[in-house]
Amino acid sequence: MSRIGKKAVAIPSGVTVSLNGADFAVKGPKGELAMTFVPEVEVSQNDDGIVVKPINETKRARSMWGMQRTMVANMIEGVTDGFSRKLEINGVGYRAQMKGSALNLQLGYSHDIDFPVPEGIKIETPDQTTILISGVDKQKVGQTAAKIREFRKPEPYKGKGIKYQGEYIFRKEGKKK
């Protein structure tokens, strides 16, 4: 039995939920999101909130149960509070700044990298070494942060590169003479 799947997802005030068969839509102060449930789960709305149950006891139905419930919870949290990731840039001459609707990155390559901001995502650069990524869709925010980090991953010797805030970089010792 899924401990996460058993819990009902509470619907806060100011959020409207529409459930039409397998289609699910949420609208809140920050925006709106929609998804379609997999056929292995059954979704209903009651006084407690949104309840997700597996249709049968197959392995796939049980594994989809908790995941679909978590996706509903993330959608509701996204339209009320939103999600954000913070990236830090370390390295001499490494910097980031917004230029129009694209993020301009200077990461020690012979050229600048212009990263177009995906739809539904907001990117800010409070200073040259910090990137704030925010939006209502948790998956899109995380994917955008991962794509930006991929341009220059932190290296283990000096720690230069783009890392998540609070990420621990395992450091190695350099060559000995």
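Every number here is computed from the coordinates shown, using simple stated rules; none is lab data. Note that the structure is a prediction, hence the values are computed from the model and not measured. We place every Cβ from the backbone using ideal geometry, glycine too, and count neighbours over all the protein chains shown.
The table below lists the values:
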quantity	calculated
Selected from Gly31, Ile50, Ile162, residue furthest toward positive end of dipole (the chain; charges at beta carbon)	Ile162
Principal-axis tilt of helix 59-80 within the chain, Cα atoms, nearest 10 degrees	70
Percentage relative contact order, segment 83-164, counting C-alpha pairs under 8 Å, at least six apart	35
Residue-by-residue Karplus 3J(HN,Hα) for segment 99-113, coefficients 6.51, -1.76, 1.60, Hz, glycine and proline x	10, x, 9, 10, 8, 9, 10, 10, 10, x, 7, 6, 9, 7, 10
Exposure proxy ranking, count of Cβ atoms within 10 Å, fewest first, for Ile123, Ile131	Ile123, Ile131
Segment 1-91: C-alpha gyration tensor shape, a/c 1.5 cut-off, then a/b vs b/c	oblate
Assigned charges on the beta-carbon of Lys, Arg, Asp, Glu; the chain dipole about Cα centre (debye)	1180
Highest-fluctuation residue, Arg95, Arg149, Arg60 considered, GNM on the chain with Cα pairs under 10 Å	Arg60
Expected 222 nm ellipticity per residue - DSSP helices of 4 or more, -39500 (n - 2.57), all of the chain, to 500	-7000 deg cm²/dmol
Choice from Glu119, Glu77, Glu32 showing the highest fluctuation, given a GNM over the chain with Cα pairs closer than 10 Å	Glu119
Gyration tensor (alpha-carbon) shape descriptor, the chain, a/c threshold 1.5	prolate
Within a Gaussian network of the chain (alpha carbon springs, distance under 10 Å), most fluctuating of Gly161, Gly66, Gly100	Gly100
Per-residue Cβ neighbour rank within 10 angstrom, fewest leading, Met64, Met75, Met35, Met98	Met98, Met35, Met64, Met75
Order of Asp127, Asp137 - criterion: other Cβ atoms within 10 Å of each residue's Cβ, fewest first	Asp127, Asp137
Relative contact order computed over the chain (Cα-Cα under 8 Å; 6+ residues apart), in percent	18
